[in-house]
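Trainee: First the structure, which I've put down as structure tokens, then a few questions once you've had a look.
The values are calculated or read from the model by the stated rules, or taken from the named source; none is laboratory data. Here the structure is a predicted model, which means the values were calculated and not measured. Neighbour counts run over all protein chains shown; Cβ positions are idealised from the backbone, glycine included.
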Amino acid sequence: MNNSAFTIFGGTGDLTFRKLLPAFYNMSVAGDHAIERKIIIIGRRDYTTEKYLDIARSWVEKFSRLPYDEAAFKKFSARITYYKMDFTDISSYKTLNNYYKNNHLAEHIFYFAVAPRFFSVIADGLTNVEHACHGKVILEKPFGEDLDSAKELNIKLAGFFTDNNIFRIDHYLGKEMIRNIQTLRFSNPIFSNLWNSRYIETVQISASEDMGIETRGGYYDASGALRDMVQNHLFQILSIVAMEWPEQFSSEAMHDAQIRVLRALRPVKDIRETLVLGQYKGYHQEKLVKPNSTTETYAALRLFIDNERWWGTPFYIRTGKKLSSREIKIAIIFRPSFLEKAAQNILIIKVQPSEGVYLQFNIKKPGDTDEIIQAKMDFCQSDYVNRLNTPEAYERLMKACINDNKSWFSQWDQIELSWNFIDRLHELYKWENLPVFRYEPGSNGPAQADELLSKFGHEWID
Ligand code: BG6
């Protein structure tokens, strides 16, 4: 075993069980050498490594992309050690340092899989760990809780780690179809030539989940859908869908193109024509949620990008928990044809659960008739074989971090611009006392989100 360690703070949390461990397991089964390092799981609970692995096993079984195999799990889990520690107690990092020393672990990656309010204390604690400052640090999103806290955190981290070693993760950037958007847009003249407001009536980005907040009430209730999903994942998608041709597919060029989109987001004037918030019924009964909480578990937005390409095309975004299905899709709705009977062309980029592209266009109905009907071409690439061969987002991104590749990580200026926008939305909706509409679990969210579009002659593509 080499002297490198991957330490996860928040090792008993939802993220570690649901995403990180299955990703590590997949990498291990795939024979990926990138992950041949010790995995130190930091948690407060009184577990032994054996007990921890018993719990971890069932999550890996349920969530890993590759079929579960007991022998493979045994081999993989031999790298894992559970280390009990209260990471908010600064003095405990000295003991952690001794543990690393005794086990000859000097090359570090630290993963902060905890709520953002704990990032700062962990960063402080790590100053007590030898070699930590030469290690890498991966920070889960959201980076901070608002712009001010994100700035403070940035300064703190910069005082200890070098910028090259800070990886701000947004796992949506590791999703197969999000990485496909540029290819689909720029390598197909049938799309690239029409990718502007002259031909596109609306763009709709939807990320719905059927799950509730599960065990994450403490974090989620202080966050809400705008901070948890929109500020990061959905703004990343928006800026990739709307960006200009990046001249080359380098990460710098792409990043600059994304930044220009975020800068061009039109400042919100009328919050009621911009935002609808919802909360699922029963949210107050979730663990660690305040009894009168008005935190939104659903948000729908109507945004504009003030540049020549997008002048006049609304971007509709929606996300929510406890909805009817788990699905992420990007729908491009083209402007109507002059032929009244023709339906609008629709292109849908399907991100999950199935991955692919759907295109709807008009044809003549076969037979002795002039009737126009819609052809619906549905390309699906996430069949069983492809799924086995395509790494999932966290696998890709962790491997990228181990290999020092920062291409698909969030950059500070993106985070800054997104927080700026989201903070302003928060201010406006608090000021205007915007209602948070209750919706039925298993529904499509509050009806008011439909009205946000119907007022302007549009509707969500479902
Ligand atoms: C996380 C959010 O970043 O993404 C969660 O904090 C959300 O609230 C999750 O459930 C969704 O990820 P995915 O990959 O399942 O779409």
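Trainee: Within region 186-200, can you find the residues that are surrounded by fewer than 18 Cβ atoms within 10 Å (Cβ to Cβ) and either within 28 Å of Gly457 (Cα to Cα) or within 13 Å of the ligand (Cβ to nearest atom) (or both)? Please lay out each step first, then the result.
Mentor: At the first step, the residues of region 186-200 found to be surrounded by fewer than 18 Cβ atoms within 10 Å (Cβ to Cβ) are 186-194, 196, 198-199.
Residues satisfying the conditions are Ile190, Phe191, Ser192, Asn193, Leu194, Asn196, Arg198, Tyr199.
Trainee: Take the conditions near the ligand (Cβ under 10 Å from one of its atoms) and modelled with pLDDT of 95 or more and apply them to Ser206. Does it pass? Lay out the reasoning, then the answer.
Mentor: Working: near the ligand (Cβ under 10 Å from one of its atoms): no; modelled with pLDDT of 95 or more: yes.
It is false that Ser206 is near the ligand (Cβ under 10 Å from one of its atoms) and modelled with pLDDT of 95 or more.
Trainee: Hey, can you tell me all the residues within region 106-129 that are more than 25 Å from Met229 (Cα to Cα), crowded, with 21+ Cβ neighbours inside 10 Å and in contact (Cβ under 8 Å) with a residue 60 or more places away in the chain?
Mentor: The one that is more than 25 Å from Met229 (Cα to Cα), crowded, with 21+ Cβ neighbours inside 10 Å and in contact (Cβ under 8 Å) with a residue 60 or more places away in the chain: His108.
Trainee: Using the structure shown, decide if Thr162 is more than 21 Å from Leu303 (Cβ to Cβ), away from the ligand (no atom under 16 Å from the Cβ) and under 22 Å from the mean Cα position of the chain (by Cα).
Mentor: Working: more than 21 Å from Leu303 (Cβ to Cβ): yes; away from the ligand (no atom under 16 Å from the Cβ): yes; under 22 Å from the mean Cα position of the chain (by Cα): no.
Taking the combined requirement at face value, the residue does not satisfy it.
Trainee: From the list Asp413, Asp370, which residue is charged (D, E, K, R), in contact (Cβ under 8 Å) with a residue 12 or more places away in the chain and either surrounded by 19 or more Cβ atoms within 10 Å (Cβ to Cβ) or more than 20 Å from Met27 (Cα to Cα) (or both)?
Mentor: On the way: Asp370 fails: in contact (Cβ under 8 Å) with a residue 12 or more places away in the chain.
Only one candidate qualifies: Asp413.
Trainee: Next question. Return the residue satisfying two criteria in turn: it lies in region 230-263 and is part of a loop (DSSP other than H, G, I, E, B) and buried (at least 18 other Cβ atoms within 10 Å of the Cβ), and of such residues it is nearest to the ligand (Cβ to nearest atom). Step through it out loud before you land on a result.
Mentor: As a first pass, look at region 230-263 and keep what is part of a loop (DSSP other than H, G, I, E, B): 243-250.
With buried (at least 18 other Cβ atoms within 10 Å of the Cβ) added as a condition, the list becomes 243, 246.
On the way: Met243: 22, Pro246: 25 Å.
So the residue we want is Met243.
Trainee: A follow-up question, please. Based on what the data block shows, is Arg227 within 15 Å of the ligand (Cβ to nearest atom), among the basic types (Lys, Arg) and in a helix (DSSP H, G or I)? Steps first, answer last, please.
Mentor: Details: within 15 Å of the ligand (Cβ to nearest atom): yes; among the basic types (Lys, Arg): yes; in a helix (DSSP H, G or I): yes.
Answer is yes for this residue.
Trainee: Moving on to the next point. Would you confirm whether or not region 90-102 contains a residue that is within 27 Å of Asn405 (Cα to Cα) and either within 16 Å of the ligand (Cβ to nearest atom) or more than 24 Å from the chain's Cα centre (by Cα) (or both)? Let's see the steps before the verdict.
Mentor: Within region 90-102, the subset within 27 Å of Asn405 (Cα to Cα) is 100.
Now drop any that are not either within 16 Å of the ligand (Cβ to nearest atom) or more than 24 Å from the chain's Cα centre (by Cα) (or both), which leaves 100.
Yes - at least one qualifying residue is present in region 90-102.
Trainee: Kindly list, by first and then second residue, each pair from a residue in region 289-312 that is at positive phi to a residue that is in a loop (DSSP other than H, G, I, E, B) and modelled with pLDDT of 95 or more, limited to pairs with Cβ atoms under 7 Å and residues at least 6 apart or on different chains.
Mentor: Gly312/Ser197
Trainee: Could you grab me the full set of residues in region 310-343 that are of a type in the set (Gly, Ala, Ser), surrounded by 17 or more Cβ atoms within 10 Å (Cβ to Cβ) and either in contact with a Lys or Arg (Cβ under 6 Å, 6 or more places away or on another chain) or farther than 18 Å from Ile181 by Cβ (or both)? Let's see the steps before the verdict.
Mentor: Within region 310-343, the subset of a type in the set (Gly, Ala, Ser) is 312, 320, 324-325, 331, 337, 342-343.
So of that shortlist, the ones also surrounded by 17 or more Cβ atoms within 10 Å (Cβ to Cβ) come out as 320, 331.
Within region 310-343, Gly320 is the sole residue that qualifies.
Trainee: Name the pairs whose Cβ atoms lie under 8 Å apart, with the first residue in region 195-222 and within 30 Å of Thr313 (Cα to Cα) and among the acidic types (Asp, Glu), the second outside any loop (DSSP other than H, G, I, E, B) and at pLDDT 95 or above, and 6 or more positions between them or separate chains?
Mentor: Listed by first residue and then by second, the contacts come to Glu201/Ile333; Glu201/Phe334; Glu209/Thr319; Glu209/Gly320; Glu209/Leu323; Asp210/Leu323.
Trainee: Suppose we filter Arg387, Arg396 for residues that are within 24 Å of Ile348 (Cβ to Cβ), surrounded by 21 or more Cβ atoms within 10 Å (Cβ to Cβ), touching a residue at least 12 places away in the same chain (Cβ under 8 Å) and not polar (S, T, N, Q); which single one remains? Spell out the reasoning first.
Mentor: Working: Arg387 fails: surrounded by 21 or more Cβ atoms within 10 Å (Cβ to Cβ).
Of the residues listed, the single one that is within 24 Å of Ile348 (Cβ to Cβ), surrounded by 21 or more Cβ atoms within 10 Å (Cβ to Cβ), touching a residue at least 12 places away in the same chain (Cβ under 8 Å) and not polar (S, T, N, Q) is Arg396.
Trainee: Answer yes or no: is there a residue in region 34-53 that is in contact (Cβ under 8 Å) with a residue 12 or more places away in the chain, under 18 Å from Asn389 (Cα atoms) and more than 16 Å from the ligand (Cβ to nearest atom).
Mentor: The initial filter retains those residues of region 34-53 that are in contact (Cβ under 8 Å) with a residue 12 or more places away in the chain, namely 34-49, 51-53.
Filter again for under 18 Å from Asn389 (Cα atoms), leaving 34-35.
Subset that is more than 16 Å from the ligand (Cβ to nearest atom): 34-35.
Yes: one or more hits.
Trainee: Would you check if Lys156 is away from the ligand (no atom under 16 Å from the Cβ), over 25 Å from Ile42 (Cβ atoms) and either in a helix (DSSP H, G or I) or among the aromatic types (Phe, Trp, Tyr) (or both)?
Mentor: Details: away from the ligand (no atom under 16 Å from the Cβ): yes; over 25 Å from Ile42 (Cβ atoms): no; either in a helix (DSSP H, G or I) or among the aromatic types (Phe, Trp, Tyr) (or both): yes.
Taking the combined requirement at face value, the residue does not satisfy it.
Trainee: Just need a number here: residues in region 165-178 that are within 11 Å of the ligand (Cβ to nearest atom) and charged (D, E, K, R).
Mentor: Looking only at that region, the number is 2.
Trainee: If Lys281 satisfies all but one of (1) under 29 Å from Phe112 (Cβ atoms); (2) surrounded by fewer than 16 Cβ atoms within 10 Å (Cβ to Cβ), what's the number of the condition it fails?
Mentor: Unmet condition: (1).
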